[in-house]
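Please treat every number below as a calculation from the coordinates, not as lab data. What you see is a predicted model, and the numbers here were worked out from it, not measured in a lab. Using ideal geometry, Cβ is built from the backbone for each residue, glycine included, and neighbour counts are taken over all protein chains shown.
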Amino acid sequence: MEDGMRDDAEEMDAANGSGKGKLARLPDGVAGWSWGAFVFSWIWAIGNRTPWGLLGLVPGVGLVVRVLLGLKGREWAWRSRRWDSLSHFKRVQRRWNIAAGVVLALLLAALALGIAHDRPARPAGQQSGEQLEL
């Protein structure tokens, strides 16, 4: 990258507007669904300086808070925390999303194994719906 282009990029990053609350402008790429915020709710909220996300700990409102964080969390994180650059913001949010994907995959695998484990085994030769005679 040429020095002039690097200076322009650094200047744009320095003026990215993050961390300015409602005054922060939202660049392209900030808005969108956040699996990290949805899955990790209050943990994500602490890491992204979005304190009202702690309401996810309150019984009865946790799911609503998770959905709101999933929908608007990226925007709130941009506005409430100073980021080095848009690429830094995207990199951090991508890591949260990857971690959420891993957790969801593990939960689905555990659920599938639990369902398979709880299913009673059929004796050899028995058809589905057919009852054993004693």
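Evaluate the stretch 85-104: report whether one residue or more is surrounded by fewer than 13 Cβ atoms within 10 Å (Cβ to Cβ), among the aliphatic types (A, V, I, L, M) and farther than 20 Å from A31 by Cβ. Scanning the stretch 85-104 turns up at least one residue that is surrounded by fewer than 13 Cβ atoms within 10 Å (Cβ to Cβ), among the aliphatic types (A, V, I, L, M) and farther than 20 Å from A31 by Cβ. Within the stretch 48-88, restricting attention to residues that are without any contact (Cβ under 8 Å) to a residue 12 or more places away in the chain and under 15 Å from the mean Cα position of the chain (by Cα), which residue is nearest to V103 (Cα to Cα)? Result: L63.
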